[in-house]
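Quick notes on the structure that follows.
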Amino acid sequence: MEIKDKIKQAALRSGRLPEDILLLAVTKTIDTDRIQEAVEAGLTSLGENKVQEILNKYETMGENVKWHLIGHLQTNKVKYIIDKVELIHSVESLKLAEEIEKRAAAKNIIMPILIEVNIAQEDSKFGLHPSEVENFIRNISTMQHICIKGLMTVAPFVENPEENRYYFRQLRELLVDINEKKIDNVHMDILSMGMTGDYEVAIEEGATIVRVGTGIFGKRLYPEKVNK
Ligand SMILES: *Cc1c(COP(=O)(O)O)cnc(C)c1O
């Protein structure tokens, strides 16, 4: 697959191991037949930005895939996915972290999460302001059924991926800085950053998960009546 090859080249260019980078196939709006083809081609980690889409596809896709929630998560929907996803990428409020803690405790599991950072400080984006991240992590680090694995960002939409290099670097520096504070229970090693347009640059700057939809499945067709 072309993308796998590009990931490998970007890793090698930056002195990294290709196997340290997870290609997350973003399957929003894609039906399960087409997802199945991707799974057969070796893509078994799947990302969705809506809880309902995971629930719709969960049974059909079965046990051989791992789901990641990558989009904004409403507190009242945590209960539906708490034991169905491998990683929640989009934690950005205390209220949400508390709900995940509560639901994970009830299931007796430890939920791996990433903190979403609005690294370019865009009004339109979810995520914490970079300056808030350390305190937020300190506040939730004592929750026993949450494991903070790293940081995630949705970078600006740009024509030239080089324009995002600075933001990817900043997210990595933030992760390194926070790790150096040696907060109890906190050692982060995941950086979820880079999408179809900029995943190679993201890898060069340290991404360990790249979230690619269009590059795998082609342009998304949004039907007029979307089943939300
Ligand atoms: C849709 C989406 C992606 C994938 O976007 P592409 O440009 O199609 O690769 C990645 N991350 C998030 C959070 C998304 O919602």
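The values are calculated or read from the model by the stated rules, or taken from the named source; none is laboratory data. Computed from a predicted structure; not experimentally measured. Cβ: placed from backbone, ideal geometry, glycine included. Neighbour counts: every protein chain shown. In case anyone asks, the SASA skips ligands and DNA or RNA and just uses the protein heavy atoms, side chains included. Shrake-Rupley method; radii C 1.70, N 1.55, O 1.52, S 1.80 Å.
A few notes on this one:
- Top of Val51, Val158, Val65 by mean-square fluctuation, Gaussian network on the chain, Cα under 10 Å: Val158
- For Tyr166 and Ile109, the difference between the fully extended length at 0.36 nm per residue and the C-alpha to C-alpha distance is 16.9 nm.
- Heavy atoms of Tyr199: accessible area, 1.4 Å probe, square angstrom to 10: 10 Å²
- Remark: the chain carries 52 Å² of accessible area per residue (probe radius 1.4 Å; ligands, DNA and RNA excluded).
- By accessible area with a 1.4 Å probe, ligands and nucleic acids excluded, highest first: order of Arg103, Arg172, Arg16: Arg172, Arg103, Arg16
- Taking the helices alone, the chain has a mean residue ellipticity at 222 nm of -10500 deg cm²/dmol, built from -39,500 (n - 2.57) per DSSP H run of at least 4 residues and averaged over all its residues.
- Segment 100-228, relative contact order in percent, only Cα pairs under 8 angstrom and at least six apart counted: 21 percent
- Surface composition of segment 78-188: carbon plus sulfur atoms hold 45% of the accessible area, using a 1.4 angstrom probe and ignoring ligands, DNA and RNA.
- Amide H contacts of Ile190 (H built 1.01 Å from N, in plane; Pro and chain starts excluded): Gly150, Leu151 sit under 5 Å, all sequence-distant by 5 or more or on other chains.
- Ile183-His129 pseudo-label distance in nm [points 7 Å out on the Cα-to-Cβ vector]: 1.7 nm
- Remark: segment 19-24, residue by residue, has Karplus-estimated 3J(HN,Hα) of 6, 7, 10, 8, 8, 8 Hz, where x stands for each Gly or Pro and the curve is 6.51 cos²θ - 1.76 cosθ + 1.60 at θ = phi - 60°.
- Under 13 Å, Cβ to Cβ, from Ile203 - net charge with Lys/Arg +1 and Asp/Glu -1: +2
- Table column - 3J(HN,Hα) (Hz), segment 157-164, Karplus curve with 6.51, -1.76, 1.60, x for Gly and Pro: 7, 9, 6, 9, x, 4, 5, 9
- Springs between Cα atoms under 10 Å define the GNM used for the chain, and in it the highest mean-square fluctuation of His68, His187, His89 occurs at His187.
- FRET E, pair Asp83, Phe157, Förster distance 41 Å, beta-carbon r, rounded to 0.05: 0.75
- The relative contact order of segment 2-217 comes to 20 percent, based on Cα pairs under 8 Å that sit 6 or more residues apart.
- When the residues Thr153, Thr44 are ordered by accessible surface, computed with a 1.4 Å probe over the protein chains alone, the sequence from largest down reads Thr44, Thr153.
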